[in-house]
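The values are calculated or read from the model by the stated rules, or taken from the named source; none is laboratory data. Keep in mind that this is a model prediction, so the values were computed, not measured. All Cβ positions, even for glycine, are placed from backbone atoms using ideal geometry, and neighbour counts span all protein chains on display. Ligands, DNA and RNA are stripped out before the accessible areas are found, and what is left, the full protein with its side chains, is counted by its heavy atoms. Shrake-Rupley method; radii C 1.70, N 1.55, O 1.52, S 1.80 Å.
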Amino acid sequence: MGLKYLWDTNAVVHYLQKNLPDPQQKLMSSIINRYQPALSVITEIELLCWKTATETDTAIISNFISDSMVYQLTESIKWKTIEIRKKYRLKLPDAIIAASALANKHILISNNVADFNKIYQLRVIDPFKLSK
């Protein structure tokens with residue numbers, strides 16, 4: 001099982017809560033069956049700080065995180081984040097997530113496409129618009 005996709009926080013939440021339309025939910029499941037999910041440390045933190053999460057939600061999130069590759073803030077991610085912040089003026093968490101995807105050559109899964117589309121090198125797919 002390889003690594004290809006970095007999941008943004010919103011994509012994880014929508015997937016785990018089954019908020020996606022059925023065809024997109026199935027496509028996201030097929031992605032997980034083929035590729036280990038990858039997360040930025042920022043996504044891990046945001047998921048674990050989710051204020052309205054029930055005990056069941058927290059258990060499901062913790063399992064998802066433990067099954068994922070979590071990228072820490074390495075030197076290459078740090079410098080890529082700085083470059084992105086300066087050039088595109090993204091919020092720091094979004095810049096770290098984008099830098100994590102770029103530094104590891106992953107496609108970002110996020111429904112926050114408007115902010116990330118500014119970064120021409122970053123490939124972003126919206127889980128709500130995913131199709132075969």
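Of note:
- If only the Cβ of Lys and Arg carry +1 and only the Cβ of Asp and Glu carry -1, the dipole of the chain around its Cα centre is close to 620 debye.
- MRE, 222 nm, helices only [DSSP H, n ≥ 4, -39500 (n - 2.57), over the chain, to nearest 500]: -16000 deg cm²/dmol
- Calculation over all alpha carbon pairs of the chain in 5 angstrom steps from 0 returns a P(r) of 2, 11, 22, 24, 21, 13, 6, 1, 0 percent.
- ³J(HN,Hα), Karplus 6.51/-1.76/1.60, whole Hz, each residue of the range 91-100, x for Gly, Pro: 4, 3, x, 5, 5, 5, 5, 4, 5, 5
- Area of THR54 that stays accessible when all protein chains are in place (1.4 Å probe, Å², to 10): 70
- Residues in the range 107-132 reached by a label modelled at LYS87 [backbone nitrogen below 19 Å; 7 Å Cα→Cβ]: 107-109, 113-125
- Most positive-pole-ward Cα, ILE119, ILE60, LEU108, against dipole of the chain from beta carbon charges: ILE119
- What separates the Cα centres of the range 20-60 and the range 78-106 is a distance of 21 Å.
- Overall form of the range 67-132: oblate. Here a/c, set by the Cα gyration tensor axes a ≥ b ≥ c, is 1.5 or more, and a/b is not larger than b/c.
- Solvent exposure of TYR5, expressed as accessible area, is near 30 Å², computed with a probe of 1.4 Å over the protein chains only.
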